[in-house]
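J.: After the structure tokens below, expect a handful of questions from me.
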Amino acid sequence: MNPEFYLILVAEEFTDELADSVYEAGFDDSTLMMRSGKAAIWVRHRPGELKQVVREALRQANVGGLRVSHVEMESEVFA
């Protein structure tokens, strides 16, 4: 199972320029969306251990000029 997480960006609106920047940074395997009033990149199709995948995604965002506020994960609930 691949880890899933959100890179929450320092952006409060979803613009074409932001979408282009996310794609050009190499996140074509991820989904750009809004999450709690902030633009976010949902990363979910990358194999590897969580820590490694998060670090790589943060590096990729930084190199691409994207400003990341923080990383969020869904909490899993087991019934």
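We did not get these values from a lab; they are worked out from the coordinates using the rules stated. Being a predicted model, the structure only gives us computed values, none of them experimental. Note: ideal-geometry Cβ built from the backbone for every residue, glycine included; neighbour counts use all protein chains shown.
J.: What label, among (i) 40, 24, 18; (ii) 39, 28, 20; (iii) 42, 28, 24, belongs to Cα extents along the principal axes in Å computed from the structure on display?
T.: Computed from the coordinates, Cα extents along the principal axes in Å corresponds to (i).
J.: Tally Lys and Arg at +1 and Asp and Glu at -1 over the other residues with C-beta under 12 Å from the C-beta of LYS38: what net charge comes out?
T.: Details: positive: ARG35, ARG67; negative: GLU12, GLU13, GLU72.
After counting each charged neighbour, the total is -1.
J.: Let me ask another. Can you list which of the GluC sites (Glu not before Pro) found in the stretch 12-79 are DSSP loop residues with at most 15 other C-beta atoms within 10 Å? Don't skip to the end; give the middle numbers.
T.: Numbers: sites: GLU12, GLU13, GLU17, GLU24, GLU49, GLU56, GLU72, GLU74, GLU76; in loops: GLU12, GLU13, GLU49, GLU74, GLU76.
Here the sparse-neighbourhood loop sites are GLU12, GLU13, GLU49, GLU74, GLU76.
J.: Add +1 for every Lys or Arg and -1 for every Asp or Glu among the other residues with Cβ under 12 Å from the Cβ of GLY26, and state the total. Working shown, then result.
T.: Numbers: positive: ARG46, ARG59; negative: GLU24, ASP28, ASP29, GLU56.
Around GLY26, the charge tally is -2.
J.: So which trypsin sites (Lys or Arg not before Pro) in the stretch 20-64 are both in a DSSP loop and have at most 15 other Cβ atoms within 10 Å of their Cβ?
T.: Details: sites: ARG35, LYS38, ARG44, LYS51, ARG55, ARG59; in loops: ARG44.
Filter output for the stretch 20-64: ARG44.
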